[in-house]
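A short write-up of the structure that comes next.
The values are calculated or read from the model by the stated rules, or taken from the named source; none is laboratory data. The model shown is predicted, which means the values in this text are computed figures rather than measured ones. Because the Cβ atoms are built from the backbone with ideal geometry, glycine has one as well, and the counts that use them run over all protein chains shown. These accessible areas exclude ligands, DNA and RNA; they are computed on the full protein's heavy atoms, side chains included. Shrake-Rupley method; radii C 1.70, N 1.55, O 1.52, S 1.80 Å.
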Amino acid sequence: MNDLRVVVVPALVDNYVYLVIDEARRCAAVVDPSDAEPVLVAASRENVRITEIWVTHHHADHTAGIPDLCERARIERVIGSAYDAERRRISLQNEIARPDRPFRFGSHAVRALEVPGHTLGAVAYHVADDLFTGDTLFVAGCGRLFEGTAAQMVDSLRRLRALPDETRVWCGHEYTVANLSFATSLEPSRAALRDALQCALRARAAGQPTVPSTLAFERAYNPFLRFDAPELAAGRDPIATFAALRAAKDRYVPPAL
Ligand code: ZN
Ligand code: FE
């Protein structure tokens, strides 16, 4: 039985904060609070008590709401990576997410996966069929390499890619339209990619988020999980393929859609 429910809380320009609600206890964990106010509004609307904060990485657009939340709710746990804890770069962090030691959230075990690449302290949280990827894996895209190398990111993405098909992907930003536009530019003859782009455009026009995606979708359509697909590799090894894709995306300007 899955008594977890995820509520999407849009924040700042294109960030997603998540409330992970444990229905049995009416408690919620908050993933990546960039801002406290919309999270508190959502929690009161859902009639849940916020008890913990899970941080995927230290960037301000994922952490700036922590002090305010800690002041206005009874937060027992602010968890993030050992790497970020050592550098004291997540405010009020009081727990370390160890990859070898899942932590409890109600009756659930939450597994933290270390996924260096976007930053060196990046983690993804996996609980039941839900995966919170921060800025490591986006719908049809991945984060920029601010601290890590292409080799580290490929290794991180390989581990995320190995999770089950039905895993729901909840990422840190709404970048799906630009990402699918880039993916379509790489493989213009894939009709299913164009359909996915149209579907994302319709969702956005209706004010709907494009999360969650699934790992099955990402494995099929996300170019950054296809670093070993012959169509994209063109004879290069996975790291060289990934690096070339990342560099091309960094330069890519989506056409007006
Ligand atoms: Zn970031
Ligand atoms: Fe971000």
For ARG202 and THR149 in one chain, what is 0.36 nm times their gap in residues minus the Cα-Cα distance, to one decimal in nm? 15.6 nm
With a probe of 1.4 Å, find how much accessible area region 80-237 has per residue, and write the answer as a whole number in Å². 42 Å²
How many percent of the alpha carbon pairs in the chain exceed a separation of 35 Å? 13 percent
Which trypsin sites (Lys or Arg not before Pro) in region 70-119 sit in a loop by DSSP (not H, G, I, E or B) and have at most 13 other Cβ atoms within 10 Å of their own Cβ? ARG74, ARG87, ARG88
Given the -39500 (n - 2.57) contribution per DSSP H run of 4+ residues, what per-residue ellipticity at 222 nm results for the chain, rounded to the nearest 500 deg cm²/dmol? -9500 deg cm²/dmol
Region 67-210: radius of gyration and largest Cα-Cα distance (Dmax), Å: 17.0, 53
Principal axes of region 52-142: Cα extent on each, largest first, Å: 36, 30, 24
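For region 89-183, which GluC sites (Glu not before Pro) pass both filters: DSSP loop (anything but H, G, I, E, B) and at most 16 other C-beta atoms within 10 Å? If you can, show how the numbers build up before the last one.
Numbers: sites: GLU95, GLU114, GLU147, GLU166, GLU174; in loops: GLU147, GLU166, GLU174.
In loop regions of region 89-183 (DSSP not H, G, I, E or B), the sparsely surrounded GluC sites (Glu not before Pro) are GLU147, GLU166.
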Expressed as a whole percentage, what fraction of the accessible surface of region 1-111 belongs to carbon and sulfur atoms when a 1.4 Å probe is rolled over the protein heavy atoms? 48 percent
Could you give the distance between the Cα centres of region 14-39 and region 80-133, to the whole Å? 15 Å
Tell me the relative contact order for the chain as a rounded percent, counting alpha carbon contacts under 8 Å between residues six or more apart. 13 percent
For ARG236, put the label point 7 Å out on the Cα→Cβ axis and report which residues of region 171-204 keep their amide N under 18 Å from it. 182-188
With the 8 Å Cα cutoff and a minimum separation of six or more residues, region 30-158 has a relative contact order in percent of 19 percent
Taking a virtual spin label 7 Å from the Cα of VAL7 along the C-beta vector, which residues in region 44-66 bring their backbone nitrogen under 14 Å of it? 44-52
